[in-house]
Amino acid sequence: MFAGEVIVALTFLIALPDSGDSYGRSGGGAVVLFGFAIAAAVLIPVLLGLGFLHAVVFTRPALALARRTGRGAAAVAWLLSASAVSALVAWCAGAPYGGALAWIAGIGVPPLLVAHLALRAGTRPGAVVARTSVATPVLVLVALATVSGMSDAGAFDTYEPPTLESAEYVGEWRGEGSEVIRLYEGGGAHVERVKANGFGSNGASCTGTGTWTARAEEPRYGTRAGVDIEVRGCSRWGKTWEVAGTAARPRLFQWSGDPDAGDLRILRRTGTAETAHPHG
């Protein structure tokens, strides 16, 4: 029962759209279904093991204590006490104690209720496992259909990147450390200590002058609007930067390597640049 409810909870966690900027990471639809199917093959045995551990620590002692004392409140007391101790572990790891306590105690309630009802009805453990195994994939499909329907209905406030005019890219953009890109009117560009991101770049940085052009969004390839910056003399230079942030505080970003596991680099506009390139 514990393993089943965790699978359903993970389904909601994966399928729910992120209200913040994903910086071009893919997600949703078939990607979510495929990723979840692959992960489930690995996670299910792990969750079954965790479910057994959960039963040993929470459910079985709570039921045993209730039978010994003849009071159902004893099971609740054990669940809350064990959850309070377990929440201390999460708190030591940096999680808020109140939130951790609510989650741990909350996920312990359904297994305890199911076990209690099964014992009262004389249901065998195998029957409980069989019913849970059938109900879990059904609830997973219901969860995915619910999230999909709510997304289509516009129930979620999803992030939309800003739309910038060509002139709005003009200015100074700074990244982490000393990375600077200056974009000038007329298409001139100057780059200082910006890391190359191509294969074999080995952390090399690029400093030089070149040109830039605004580029439109390409939905077919999942690419946002942004700028292409050509820099002379820089090998393995990633020329494409996409727009992020908000209209008031725009950003340019670029992935180095795989978007699902690579290095995200963000430039923030910090000021204006001269109207013309300093070197003409």
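The values are calculated or read from the model by the stated rules, or taken from the named source; none is laboratory data. Quick caveat, the model's predicted, so the values are computed rather than measured. FYI the Cβ positions are ideal-geometry reconstructions off the backbone, even for glycines, and counts take in every protein chain you see. Accessible surface areas use protein heavy atoms only, side chains included; no ligands, DNA or RNA. Shrake-Rupley method; radii C 1.70, N 1.55, O 1.52, S 1.80 Å.
Values computed for the structure shown
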{"item": "Some residue of region 101-121 being open to solvent by 50 Å² or more (accessible area, probe 1.4 Å), over 23 Å from the mean Cα position of the chain (by Cα) and touching a residue at least 60 places away in the same chain (Cβ under 8 Å)", "result": "no"}
{"item": "Complete set of residues in region 219-249 that are in a strand (DSSP E or B) and more than 17 Å from A189 (Cβ to Cβ)", "result": "T223, A244, G245"}
{"item": "Candidate set: region 224-242, residues that are open to solvent by less than 30 Å² (accessible area, probe 1.4 Å) and of a type in the set (V, I, T); chosen: the one nearest to C206 (Cα to Cα)", "result": "V231"}
{"item": "Residue among A153, A167, A143 that alone is open to solvent by 30 Å² or more (accessible area, probe 1.4 Å) and either in contact (Cβ under 8 Å) with a residue 60 or more places away in the chain or more than 30 Å from L13 (Cα to Cα) (or both)", "result": "A167"}
{"item": "Any hit, region 191-204, residues being in contact (Cβ under 8 Å) with a residue 40 or more places away in the chain, under 30 Å from G72 (Cα atoms), out of contact with any Leu (no Cβ under 8 Å at 6 or more places or on another chain) and not aliphatic (A, V, I, L, M)", "result": "no"}
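Rundown of residues vs (1) more than 23 Å from I7 (Cα to Cα); (2) free of Cβ contacts under 8 Å to residues at least 24 places away in the same chain; (3) out of contact with any strand residue (DSSP E or B) (no Cβ under 6 Å at 6 or more places or on another chain), yes/no style:
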{"position": "G49", "(1), (2), (3)": "no, yes, yes"}
{"position": "H54", "(1), (2), (3)": "no, no, yes"}
{"position": "V57", "(1), (2), (3)": "no, no, yes"}
{"position": "A62", "(1), (2), (3)": "yes, no, yes"}
{"position": "R67", "(1), (2), (3)": "yes, yes, yes"}
{"position": "V76", "(1), (2), (3)": "yes, yes, yes"}
{"position": "V85", "(1), (2), (3)": "yes, yes, yes"}
{"position": "L88", "(1), (2), (3)": "yes, yes, yes"}
